[in-house]
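Asks: Attaching a single structure in structure tokens format; questions to follow.
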Amino acid sequence: MTLVAITYHEDFGARGFSVLKERIRPSFEKLMRSRLVDGKEVQVFRARPAPLELVESCHTAAHMMNMKDDPYRDVAMLSAGSVMMAAEMVAKGEARRAFAYTGTAGHHASRGSCWGFCYFNDVAITIGHLRAMGLQRFLIVDVDPHFGDGTRDFFADDADVFHINMHSGKDEVHDPQRNNYDIGLSFGAKDDLFLSALKSALDLAADFDFQMAFVIFGHDSHQDDYGGFDLTFEAYPMMSRMILDAVEERGLVFVLSGGSCVHVAEQVIPDVIAVLAERYPA
Ligand SMILES: [Zn+2]
């Protein structure tokens, strides 16, 4: 069995959202030059677009109409398809863990609207698909420093989705009835604060019996990147290890979210995949 499946498509770098796309190809090439991708335990799979009917079932007709002629529509469909393919492989036992590259992000896409480089909610669409396959309960750990408002729109009232939403604002919501947790770290959170808050949030999820976990992985949290946290390179493997320990033997899918710095992506993406492959440091 594949230990880590990586879903990728060259269109993410060629046609992805302008702010996000420059990091794609260099980080993927760096990954391919490493010895991590061995074609056996760690393999790359070419992403396919998400089925239109599935995306339509998750978003409103008005939103689908607004997206109809959007220049990023096709790459957003492919991004959702990348996440879906990654999660499906894990759900079927073809891979233990996965890392899904994307060309647009998803966590600011609500059912009927979107903003912030997001068009379709890749993780919500994927959960819809997994539920049709029989899975029910999911953990979402959103470590992108921007508030995951679109994901919350989908799952606010759904207690079968445990949503940890780390962000650089101040809002601190703990709603155990509906399993919604906003962790507001304020602007400029450093490694220690971020990692200890993440640990506390994962401890809250320890009694939640989920079948698969998604990490909405924005490296715009790095101090050189554009988001509101102030993390160093050391935080990323530590964060990944902490999540892996919390998820244990269950399925785990990292979903690429915000971030534009090429040198950050070139380091943190291979580092995260090395942890998922249990080969860190590579
Ligand atoms: Zn972000």
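Asks: Looking for something within 16 Å of the ligand (Cβ to nearest atom) and closer than 24 Å to ILE269 by Cα - is there at least one such residue anywhere in segment 169-180?
Replies: no
Asks: If you take the residues of segment 190-199 that are part of a helix (DSSP H, G or I) and in contact (Cβ under 8 Å) with a residue 12 or more places away in the chain, which of them is surrounded by the fewest Cβ atoms within 10 Å (Cβ to Cβ)? Break it down into steps so the answer makes sense when it comes.
Replies: The first filter runs over segment 190-199 and keeps only residues part of a helix (DSSP H, G or I), leaving 191-199.
Subsequent filtering for residues that are in contact (Cβ under 8 Å) with a residue 12 or more places away in the chain retains 191, 194-195, 197-199.
Values: ASP191: 18, PHE194: 22, LEU195: 17, ALA197: 16, LEU198: 22, LYS199: 14.
Applying the filter and picking the extreme gives LYS199.
Asks: Give me the residue from segment 219-249 that is outside any helix (DSSP H, G or I) and under 26 Å from GLY93 (Cα atoms) and, out of that set, nearest to the ligand (Cβ to nearest atom). It would help to see each step written out before you state the result.
Replies: Of the residues in segment 219-249, the ones outside any helix (DSSP H, G or I) are 222-234, 248-249.
Checking the rest, the ones that are also under 26 Å from GLY93 (Cα atoms) come to 248-249.
On the way: GLU248: 27, GLU249: 30 Å.
Of everything passing the filter in segment 219-249, GLU248 is nearest to the ligand (Cβ to nearest atom).
Asks: GLU266 passes all but one of (1) within 15 Å of the ligand (Cβ to nearest atom); (2) over 16 Å from the mean Cα position of the chain (by Cα); which number fails?
Replies: (1)
Asks: Among ARG111, ARG131, which is the only one that is more than 13 Å from the chain's Cα centre (by Cα) and either part of a helix (DSSP H, G or I) or within 16 Å of the ligand (Cβ to nearest atom) (or both)? Let's see the steps before the verdict.
Replies: Values: ARG111 fails: either part of a helix (DSSP H, G or I) or within 16 Å of the ligand (Cβ to nearest atom) (or both).
Exactly one residue qualifies, and that residue is ARG131.
Asks: Can you tell which of PHE187, PHE214, PHE147 is surrounded by 24 or more Cβ atoms within 10 Å (Cβ to Cβ), within 27 Å of LYS21 (Cβ to Cβ) and within 16 Å of the ligand (Cβ to nearest atom)? Reasoning before the result, please.
Replies: Working: PHE187 fails: surrounded by 24 or more Cβ atoms within 10 Å (Cβ to Cβ); PHE147 fails: surrounded by 24 or more Cβ atoms within 10 Å (Cβ to Cβ).
None of the other options fit; the residue is PHE214.
Asks: So for segment 120-128 (the condition being aromatic (Phe, Trp, Tyr), more than 12 Å from the chain's Cα centre (by Cα) and surrounded by 24 or more Cβ atoms within 10 Å (Cβ to Cβ)), does at least one residue qualify?
Replies: Narrowing segment 120-128 to residues aromatic (Phe, Trp, Tyr): 120.
Now drop any that are not more than 12 Å from the chain's Cα centre (by Cα), which leaves 120.
When the remaining residues are screened for being surrounded by 24 or more Cβ atoms within 10 Å (Cβ to Cβ), the result is 120.
Yes; the residues of segment 120-128 include at least one that is aromatic (Phe, Trp, Tyr), more than 12 Å from the chain's Cα centre (by Cα) and surrounded by 24 or more Cβ atoms within 10 Å (Cβ to Cβ).
No value in this document is a laboratory result; all are computed from the given coordinates. Fair warning: this is a prediction, and the values are worked out from it, not measured in the lab. For neighbour counting, all protein chains shown are included, and Cβ atoms are generated from backbone atoms with ideal geometry for every residue, glycine included.
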